[in-house]
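K.L.:
Sharing a structure below in structure tokens format, with a few things to ask.
Taken together, the values in this text are just the output of simple stated rules run on the coordinates, not laboratory data. Computed from a predicted model, the values in this text were never measured in an experiment. Cβ placement follows ideal geometry from the backbone for every residue including glycine, while neighbour counts extend to all protein chains displayed.
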Amino acid sequence: MKPLIFKYYYTLLIVLFALTACKKDEFINLTATLSSDSTLLETTEDTLIIFNLELTEKLSEDLQIEYEIDTEEINKYINSEDFESYVEYISDLGDQWSRSNFNPAGINTLIFPKGSRILKIRIPFFDDDSLEYNEEFYLKVRAKPSYGLTIMGEIEPIMVTVEDNEENIDIGALVGEPIDDLEEAFEGALVAIDEDFNFKVVAINRKENIDREYKAAYELLDERSTHQIKKDIQAVSQSGEVPISMINLFYENEPLFGFVENMGDLYEEDLWLMGLNSYWAFNTYEDFDD
């Protein structure tokens with residue numbers, strides 16, 4: 001019996017030694033500092049932005065990352081229909097891009113895989129044919145550690161600017177003289193009205209200092225808008241004997257509601273321009289609506 005007992009204990013010792021050796025070789029790290037390689041990003045609406053998140057040390061557990069697009073304090077805020085609701089990401093150990101999970105609250109979640117130090121993130125934007133302001137937003141990224149992870153460092157909000165790739169029409173032709181800087185040639189936006197009384201923004205002053213209300217008011221006359229203000233202005237523009245061809249949309253806190261003038265002295269036929277102070281139109285309507 002003694003040889004059998006000895007053999008049993010000898011086998012058990014070998015197994016315990018093997019398990020202990022494996023445990024010593026197992027990688028365990030639950031602490032790292034998270035950072036971003038960017039604080040300011042610029043792109044155009046027909047492309048995408050790419051930036052990296054970096055860990056100082058590899059982790060032995062997956063790290064959940066949350067991100068959201070914040071426009072609350074931004075005047076030239078980006079519209080939700082101008083970008084995808086998800087982001088794509090890939091780690092330095094990955095071989096294909098994954099998509100984040102999105103919830104209605106606007107917070108996306110993605111995974112920083114264990115064993116990796118770099119997570120590359122990209123956000124695609126839509127390319128449309130609407131003339132818009134160069135839009136901005138803050139990208140807020142934060143770690144949501146679990147499994148006993150300790151993540152240090154705080155990522156500052158990343159400012160992102162998305163430039164519109166549509167160009168103004170040559171409004172020099174409308175005033176009968178060449179214009180060096182189309183961006184500063186007029187206040188606000190110029191809206192063309194076709195024979196079916198459809199609106200199309202054809203020129204915009206992107207250098208103008210605007211606030212959130214102006215952007216909201218301007219977008220009410222965008223060709224995609226179905227707002228009642230747009231319907232009211234369409235009705236006014238076709239109700240009289242004067243055929244309105246253009247609307248000069250401006251935004252001033254002064255008692256000038258609007259005007260109508262004929263620019264036909266520059267042409268062989270009438271060209272009626274209606275000016276609209278969208279500050280008064282927008283705010284008066286909103287007060288009435290409330």
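K.L.:
What does the convex hull of the alpha-carbon atoms of the stretch 31-163 project to on average, in nm²? Please list the in-between numbers first.
P.N.:
Working: hull surface 32.2 nm².
Quarter of the Cα hull surface area: 8.0 nm².
K.L.:
Can you compute the FRET efficiency between residue 30 and residue 239 using 1/(1 + (r/R0)^6), with r the Cβ-Cβ distance and R0 = 51 Å? Round to the nearest 0.05. Before the final figure, lay out the partial values.
P.N.:
On the way: r = 71 Å, r/R0 = 1.39.
Computed FRET efficiency for residue 30 and residue 239: 0.10.
K.L.:
A follow-up question, please. Tell me which residues come under 5 Å, amide H to amide H, from residue 125 once H is placed; ignore anything under 5 positions away on its chain.
P.N.:
Here 47 satisfy the definition.
K.L.:
At 0.36 nm per residue, and after removing the present C-alpha to C-alpha distance, how many nm does the segment from residue 159 to residue 97 gain when stretched out fully? Don't skip to the answer; put the middle values down first.
P.N.:
Working: separation 62, 0.36 × 62 = 22.32 nm, distance 2.37 nm.
Stretched out fully, the residue 159 to residue 97 stretch lengthens by 20.0 nm.
K.L.:
Please compute the net charge surrounding residue 124, taking Lys and Arg as +1 and Asp and Glu as -1 over other residues with Cβ under 12 Å from its Cβ.
P.N.:
Numbers: positive: 99, 122; negative: 45, 46, 82, 84, 88, 127.
Charge balance near residue 124 sits at -4.
K.L.:
Quick check: residue separation of residue 54 and residue 207 times 0.36 nm, minus the Cα distance between them. What number comes out in nm? Working shown, then result.
P.N.:
Numbers: separation 153, 0.36 × 153 = 55.08 nm, distance 3.57 nm.
Contour length minus the Cα-Cα distance gives 51.5 nm.
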